[in-house]
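Okay, structure first, notes after.
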Amino acid sequence: QSTFPITLGLDIVGHVIESKSSVFQKGDYVFAFPNGGSYQQVVAAKETLTFKIPETIDPLQAAALPTVTILSEILLKQIGDVQKEDTIVVHSAAGGVGTMLVKLAKHYGVSKIIGTVGDLSKKDYVLSIGADDVFTYDSFVDGVKQHTNGKGAQVIFDSVAGDVTKASLECLANFGTLVQFGNSSGKAGVISTSDVHNSCRNIKGFSLGTTRKEDPARLAPVVERIIPLFEGGQLSVPIA
């Protein structure tokens with residue numbers, strides 16, 4: 001349980017004003033996952049959760065990218081192990097992480113990207129960022145089957161849980177992977193052992209919060225891969 005008052009915010013961008021580390025010096029431009037929230041003018045952060053970035057990156061982009069882009073890169077490359085020839089499904093595709101999953105998948109040349117949304121008013125936006133088709137949570141099972149000749153998607157990214165998890169297993173291909181990384185529906189998804197063993201499918205979970213806390217060393221190589229994409233203008237975070 002949280003104790004009020006609470007300082008909100010997961011990540012921050014700014015300049016180092018004081019450092020006890022040999023890695024960082026006063027004036028370094030960084031983003032970080034600070035101790036105890038980021039909606040402040042001055043914060044403290046651990047060295048392992050602080051990352052140098054080029055001054056050439058727009059400050060709005062730098063402030064928007066850490067959580068959504070680091071998480072999306074890990075989900076795509078490490079947890080989902082997505083290949084170019086795959087068909088993938090991104091649930092909640094109009095959200096922050098969903099947006100960057102779609103954009104990164106498009107950047108990496110993934111064959112087919114299917115997004116889901118709660119309301120079709122978001123469809124044009126999701127198409128504009130790189131999705132090949134967009135469905136609602138009520139219609140995506142049939143849509144995915146149509147796109148894959150009934151075989152299903154190779155990787156499904158699920159941050160919704162609840163009924164969406166159950167439905168995802170109806171259109172996940174044999175040998176496919178369901179990546180579960182959130183429960184925005186507020187309900188747990190139910191998975192049976194019979195959902196995985198005969199079909200050779202697997203279910204993998206991931207939490208950026210747990211990783212920051214227990215294995216922060218995993219983050220630096222990811223940051224090294226994504227920063228050049230922003231510096232070179234190949235990638236941007238839509239800010240709205």
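The values are calculated or read from the model by the stated rules, or taken from the named source; none is laboratory data. Owing to the predicted nature of the structure, the values given are computational and were not obtained by experimental measurement. Positions of Cβ are generated from backbone atoms using ideal geometry, with glycine treated the same way; all protein chains shown enter the neighbour counts. Keep in mind that these areas ignore ligands, DNA and RNA; they rest on the heavy atoms of the full protein, side chains included. Shrake-Rupley method; radii C 1.70, N 1.55, O 1.52, S 1.80 Å.
What to note about this one:
- Among the criteria (1) small (Gly, Ala, Ser); (2) over 15 Å from residue 206 (Cβ atoms); (3) out of contact with any helix residue (DSSP H, G or I) (no Cβ under 8 Å at 6 or more places or on another chain), the one residue 153 does not fulfil is (3).
- Residue in the range 69-76 that is within 30 Å of residue 203 (Cα to Cα), in a strand (DSSP E or B), open to solvent by less than 10 Å² (accessible area, probe 1.4 Å) and not aromatic (Phe, Trp, Tyr) present: no
- Residue tally, condition part of a loop (DSSP other than H, G, I, E, B) and either under 30 Å from residue 50 (Cα atoms) or open to solvent by 50 Å² or more (accessible area, probe 1.4 Å) (or both), over the range 193-213: 5
- Residue match in the range 81-93 (condition: within 28 Å of residue 130 (Cα to Cα), part of a helix (DSSP H, G or I), in contact (Cβ under 8 Å) with a residue 60 or more places away in the chain and of a type in the set (A, V, I, L, M, F, W, C)): no
- Candidates 24, 33 - the one that is out of contact with any Ser or Thr (no Cβ under 6 Å at 6 or more places or on another chain) and surrounded by fewer than 19 Cβ atoms within 10 Å (Cβ to Cβ): 24
- Restricting the range 49-66 to residues that are at pLDDT below 95 and polar (S, T, N, Q), the residue that is least open to solvent (accessible area, probe 1.4 Å): 61
- Test: residue in the range 141-150 that is open to solvent by 10 Å² or more (accessible area, probe 1.4 Å), in contact with a helix residue (DSSP H, G or I) (Cβ under 6 Å, 6 or more places away or on another chain) and part of a loop (DSSP other than H, G, I, E, B): no
- Any hit, the range 224-240, residues being in a strand (DSSP E or B) and open to solvent by 10 Å² or more (accessible area, probe 1.4 Å): no
- If the condition is being part of a helix (DSSP H, G or I), hydrophobic (A, V, I, L, M, F, W, C) and without any contact (Cβ under 8 Å) to a residue 24 or more places away in the chain, then the range 118-140 contributes 120, 127.
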